[in-house]
Amino acid sequence: MLGSLNGYGVTVLRIPSLIMTLGTAAIAKGLAFMITQGVAFTGRWPVSFTGLARGYSFGIPNLVLWMTGATLFAWVLVKWTRTGAHMVATGEADEAARLAGIATARMKRIGLLLAGVFAGLMAALLAANLSSAAPNMAGDYLLYAIAAVLLGMTMFEPGKPNIAGTVFAALVLKVLGNGLVLLGAPYYIQDIVLGVIIIGSVAFSASAMKKAAFKV
């Protein structure tokens with residue numbers, strides 16, 4: 001539902017997608033606190049639900065299968081479908097894509113809707129994995145998501161968002177975060193490292209895009 005709301009705000013009200021997404025995220029968080037009164041739900045959860053994240057299929061952890069399925073879906077969509085190609089064109093050059101005859105507003109709505117669907121799925125898997133649900137349990141993942149995308153832009157296809165780079169960057173960030181915990185680093189060090197990664201990734205991507213533009 002929030003994905004559709006974001007699509008409406010971006011395409012009809014002309015609100016920048018980042019601002020719209022952050023706004024609806026803040027609203028959703030506030031509503032979650034209002035409904036739950038800030039209370040975390042814990043206890044015995046059905047095995048049929050927790051097994052979605054904690055279980056195994058064919059000897060492989062279900063979370064790995066979920067990640068693989070989501071990655072393959074995104075890769076096929078972007079690389080092998082016209083809709084995916086139009087979405088990429090819209091993201092890279094909105095006005096040029098529109099002049100080329102692409103329904104850019106529709107592409108934005110589809111992209112934001114898919115983002116909402118995947119966010120909801122990941123929220124369910126997180127609750128299943130932890131056997132608990134709290135209104136603020138995923139707050140730290142926002143910076144990780146941004147950092148993964150930006151860091152991914154420095155790999156494989158420098159200067160461009162890409163699926164392989166994003167997945168690899170997410171794994172690197174997770175290993176880095178676990179490493180800092182094992183080393184006994186204070187919790188705030190992770191935020192500092194993420195901030196440095198975000199700034200450094202944007203600077204590197206901007207430099208790569210500038211060099212590519214001069215080569216054309």
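The values are calculated or read from the model by the stated rules, or taken from the named source; none is laboratory data. Fair warning: this is a prediction, and the values are worked out from it, not measured in the lab. Reconstructed Cβ throughout: ideal geometry from the backbone, glycine too, with neighbour counts over all protein chains shown. For accessibility, only protein heavy atoms count, side chains too; no ligands or nucleic acids. Shrake-Rupley method; radii C 1.70, N 1.55, O 1.52, S 1.80 Å.
In Å², and per residue, what accessible area does the range 125-211 have when probed at 1.4 Å with the other protein chains present? If you can, show how the numbers build up before the last one.
On the way: 5040 Å² over 87 residues.
Ligands and nucleic acids excluded, the figure is 58 Å² per residue.
Please identify, among 105, 206, 185, the residue showing maximal mean-square fluctuation in a Gaussian network model of the chain using a 10 angstrom Cα cutoff. Comparing 105, 206, 185 in the GNM, the peak value goes to 185. The modelled label-to-label distance for the pair residue 199/residue 8, using points 7 Å beyond Cα in the direction of Cβ, is 3.9 nm.
Checking every one of the chymotrypsin sites (Phe, Trp or Tyr not before Pro) in the range 1-101 against DSSP loop status and a limit of 15 other Cβ atoms within 10 Å picks out 58. By the helix-only formula, in which each DSSP H run with n ≥ 4 contributes -39500 (n - 2.57) and the sum is divided by residues, the chain has a 222 nm mean residue ellipticity of -25000 deg cm²/dmol.
Partners of residue 174 within straight-line reach, counting aspartates and glutamates whose Cα lies under 19 Å from its Cα and excluding those fewer than 8 residues away in the same chain: 140, 191. Shown for the chain: the carbon plus sulfur share of the solvent-accessible area, taken with all protein chains present and a 1.4 angstrom probe, equals 72%. Distance between the pseudo-spin-label points of residue 83 and residue 49 (7 Å out from Cα toward the beta carbon): 3.0 nm. Using C-alpha pairs under 8 Å with a sequence gap of at least 6, the mean separation divided by the residue count of the range 95-205 gives a relative contact order of 22 percent. Taking the empirical scaling 2.2 N^0.38 Å for compact globular proteins as reference, the chain has a Cα radius of gyration ratio of 1.12. For the options 201, 131, 48, a Gaussian network treatment of the chain with springs between C-alpha atoms closer than 10 Å singles out 48 as fluctuating the most. Just checking the listed ones, 162, 178, 129: in the Gaussian network model of the chain with Cα springs under 10 Å, the one fluctuating most is 178.
Take every Cα pair under 8 Å in the chain that's 6+ residues apart, average their separations, divide by the length, and report that relative contact order as a whole percent.
The normalised contact order for the chain reaches 22 percent.
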